[in-house]
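Participant: Got a structure here, written out as structure tokens. Questions coming.
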Amino acid sequence: MKKRHDYALTVKWTGNQGTGTSHYRAFERSHTISINNKPDIYGSSDPAFRGDRSKYNPEELFLSSLSSCHMLWYLHLCSEAHIIVTDYKDNATGIMEENANGSGQFSEVSLNPIVTVTKEEMVAKAKALHTKANELCFIANSVNFKVRHNSRCIVKEA
């Protein structure tokens with residue numbers, strides 16, 4: 001039996017400058033993402049689409065969802081395998097391609113985690129667990145392109 005998890009949030013457009021969407025340049029792309037009992041996230045579109053570069057855009061949030069979901073599964077699997085991770089940093093990258101009609105899609109995402117473990121003998125298994133984490137990641141399982149993994153593992157004894 002499948003377990004079901006429901007999520008809810010509110011996205012509110014805050015970019016009306018007085019004339020609504022009367023023309024393409026008449027409105028800001030600013031919006032607020034609100035989730036009960038959490039700080040708001042201030043969003044906009046990518047600057048290429050008239051957005052505010054000081055705010056998060058949907059493409060960045062999408063990429064961060066893939067990266068953080070992978071990390072959380074990976075850390076879970078490492079703890080079960082008795083691999084002690086003391087640091088994890090991912091410099092994730094993604095490519096979105098625009099179509100002639102203005103639509104677009106991500107064609108590629110690369111996760112580039114740098115993982116620090118406490119013992120040399122943990123390295124091989126630590127590297128291998130990225131594959132399992134990808135198989136389990138809810139977000140990676142929801143996309144229609146391959147998520148690449150270019151991981152590095154560093155040993156820093158405790």
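Participant: Select from the range 86-102 the residues that are surrounded by 14 or more Cβ atoms within 10 Å (Cβ to Cβ) and within 20 Å of Asn144 (Cα to Cα) and write down the one among them that is farthest from the chain's Cα centre (by Cα).
Facilitator: Filtering the range 86-102 for residues that are surrounded by 14 or more Cβ atoms within 10 Å (Cβ to Cβ) and within 20 Å of Asn144 (Cα to Cα), the one farthest from the chain's Cα centre (by Cα) comes out as Met96.
Participant: Next question, about the same structure. Kindly indicate whether any position in the range 52-65 is under 30 Å from His23 (Cβ atoms) and over 19 Å from the mean Cα position of the chain (by Cα). Break it down into steps so the answer makes sense when it comes.
Facilitator: Within the range 52-65, the first condition is being under 30 Å from His23 (Cβ atoms), and the residues that meet it are 52-62.
Narrowing further to those that are over 19 Å from the mean Cα position of the chain (by Cα): 52.
Yes, the range 52-65 contains at least one residue that is under 30 Å from His23 (Cβ atoms) and over 19 Å from the mean Cα position of the chain (by Cα).
Participant: Would you mind stating whether Val123 is hydrophobic (A, V, I, L, M, F, W, C) and either under 15 Å from Ile84 (Cα atoms) or exposed (fewer than 15 other Cβ atoms within 10 Å of the Cβ) (or both)?
Facilitator: Values: hydrophobic (A, V, I, L, M, F, W, C): yes; either under 15 Å from Ile84 (Cα atoms) or exposed (fewer than 15 other Cβ atoms within 10 Å of the Cβ) (or both): yes.
For Val123, the condition - hydrophobic (A, V, I, L, M, F, W, C) and either under 15 Å from Ile84 (Cα atoms) or exposed (fewer than 15 other Cβ atoms within 10 Å of the Cβ) (or both) - is met.
Participant: Checking the structure you have, find out if any residue of the range 102-112 is in contact with an Asp or Glu (Cβ under 6 Å, 6 or more places away or on another chain), aliphatic (A, V, I, L, M) and either modelled with pLDDT under 95 or not assigned by TED's automatic domain parsing to the domain that holds Ile33 (or both).
Facilitator: The answer is yes; a qualifying residue exists.
The values are calculated or read from the model by the stated rules, or taken from the named source; none is laboratory data. Keep in mind that this is a model prediction, so the values were computed, not measured. Every residue, glycine as well, gets a Cβ built from its backbone with ideal geometry; the counts of neighbours run over all protein chains shown.
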